[in-house]
Amino acid sequence: MAVTGSITTRFIDEKGVDLGKTLIEKDYLISVYPNLLNQFDTPMLMTWGSNFLGQLGDNTTANKSSPVQTIAYGANWKSVACGYNAAAIKTDGTLWCWGDNSYGQLGDNTITKRSSPVQTVAFGTNWKQVSAGWNYHTAATKNDGTLWGWGKNNLGQLGNNTATHKSSPVQTFAFGTNWKQVSCGVIHTAAIKTDGTLWCWGWNADGQLGDNTLVRKSSPVQTFAGGTNWKQVACGYKHTTATKTDGTLWSWGNNNNGQLGDNTTTSKSSPIQTITYNTNWKQVDCGQNFSIAYTSAIKNDGTLWTWGGNAYGQLGDNTTTNKSSPVQTVNGGTNWKQVDCGYKQMAAIKTDGTLWTWGDNSYGELGDNTRTSRSSPIQTILYGKNWKSVSCGRGFTAAIKDGDF
């Protein structure tokens, strides 16, 4: 019998190593068997929820209410983005897309849907960050600072000064090699440059481009607020939200559900601050549903806040009542790390590596092996403390986790 702190087991190998301890302590196992380190450090891509267009990437069109691996398998996924389709980047810098492809949003020079990941025709091993839109377009940045878009372009959302759809990646009209981060909405796009300037293009009927007009743009324009201290931007259905390096949070566009967080339901065509004003906002994301748009953000103190439409409990405050100013999820806590908003659901990861989901669950997009909607956070059926990043799409969810051995 071996004793490990307060834990006693009878699982001892021929070297006297307490194998029972390895069931609960990853660091201990690696210290005894260092050759297993790489097997623990194997980020796998898991998906669940709606799959009628192959957006789970498991080579089927069957919905899944608990996480499954994509057919590409592999242990080198770096980041994933979900919209109407899915896109992900591997640690080798390659970019893969799957799901619906009606307007060429998979970037493989076809309009054929894919139920397993395919590479864009641009290929390359220098893709850095990708965003999947909610109305058939995709955008991504490369390590060289260039910005590319493909898919539907009826309102100029690709930013290449045309309204022509593209089934393979094209550069924005602004060109340049200093693009840092991009986000796709339903029919608009926003991006930040390395100089801290913020640019928007596409549909602008509700002022979501933030240039103090309602005129759509097919090439990038700066927001009315200007400035060179923008840090991160997120696009929703008809609204946009962004943080600055000073920790302030700004929103603009449609506000029918209070998704701008200024305690009103009045739309704004130029950036305004949330009602809380605070200067400690860290990361933000926007929900994409046209009738129940909502927003979520994490502060530097690790607290998670949500506001806007709440018909499916996606604000996680144990109600289904809309909120026009930020409220905390009922789960509370000060250890939230990353949050992502979907069509009617939300998902977030804590600093302890646990993954939590809430909101609509019609297709199993909460990953708890049920189709019961939740108005407060719950863990996926896989549980675990090795989740790294998560993204919510239209009726489905994808996340990257460290692999099991």
**Item:** One residue from Ala139, Ala163 being among the aliphatic types (A, V, I, L, M), in contact with a strand residue (DSSP E or B) (Cβ under 8 Å, 6 or more places away or on another chain) and closer than 27 Å to Thr243 by Cβ
**Value:** Ala139
**Message:** Checking the condition crowded, with 24+ Cβ neighbours inside 10 Å, of a type in the set (Phe, Trp, Tyr) and not in a strand (DSSP E or B), which residue from Trp148, Trp134, Trp96 passes?
**Reply:** Trp134
**Selected residue [buried (at least 22 other Cβ atoms within 10 Å of the Cβ) and not β-branched (Val, Ile, Thr)] from Gly353, Gly384, Gly367** = Gly367
**Asked** Hey, among Thr306, Thr276, Thr319, which residue is polar (S, T, N, Q), open to solvent by less than 10 Å² (accessible area, probe 1.4 Å) and over 15 Å from the mean Cα position of the chain (by Cα)?
**Response** Thr306
**Item:** Only one of Ala86, Ala62 that is in a strand (DSSP E or B), modelled with pLDDT of 95 or more and not basic (Lys, Arg)
**Value:** Ala86
**Request:** Return yes when Tyr312 is touching an Asp or Glu at 6+ places or on another chain (Cβ under 6 Å), assigned to a loop (DSSP other than H, G, I, E, B) and buried (at least 20 other Cβ atoms within 10 Å of the Cβ) and no when it is not.
**Result:** yes
**Considering residues of the stretch 197-217 that are small (Gly, Ala, Ser) and out of contact with any His (no Cβ under 9 Å at 6 or more places or on another chain) only, the residue surrounded by the fewest Cβ atoms within 10 Å (Cβ to Cβ)** = Ala205
**Request:** Can you work out which of the residues in the stretch 147-206 that are under 21 Å from the mean Cα position of the chain (by Cα) and charged (D, E, K, R) is farthest from Ser218 (Cα to Cα)?
**Result:** Lys180
**Asked** Considering only residues of the stretch 121-138 that are more than 11 Å from Gly93 (Cβ to Cβ) and over 20 Å from the mean Cα position of the chain (by Cα), which is modelled with the highest pLDDT?
**Response** Val121
**Message:** So for the stretch 188-196 (the condition being in a loop (DSSP other than H, G, I, E, B), touching a residue at least 24 places away in the same chain (Cβ under 8 Å), acidic (Asp, Glu) and crowded, with 17+ Cβ neighbours inside 10 Å), does at least one residue qualify?
**Reply:** no
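The values are calculated or read from the model by the stated rules, or taken from the named source; none is laboratory data. Bear in mind that the values here come from a model prediction, so they are computed numbers and not experimental data. No Cβ is skipped: glycine too gets one built from the backbone with ideal geometry, and neighbour counts run over all protein chains shown. The accessibility values were calculated without ligands, DNA or RNA, using every heavy atom of the protein model including side chains. Shrake-Rupley method; radii C 1.70, N 1.55, O 1.52, S 1.80 Å.
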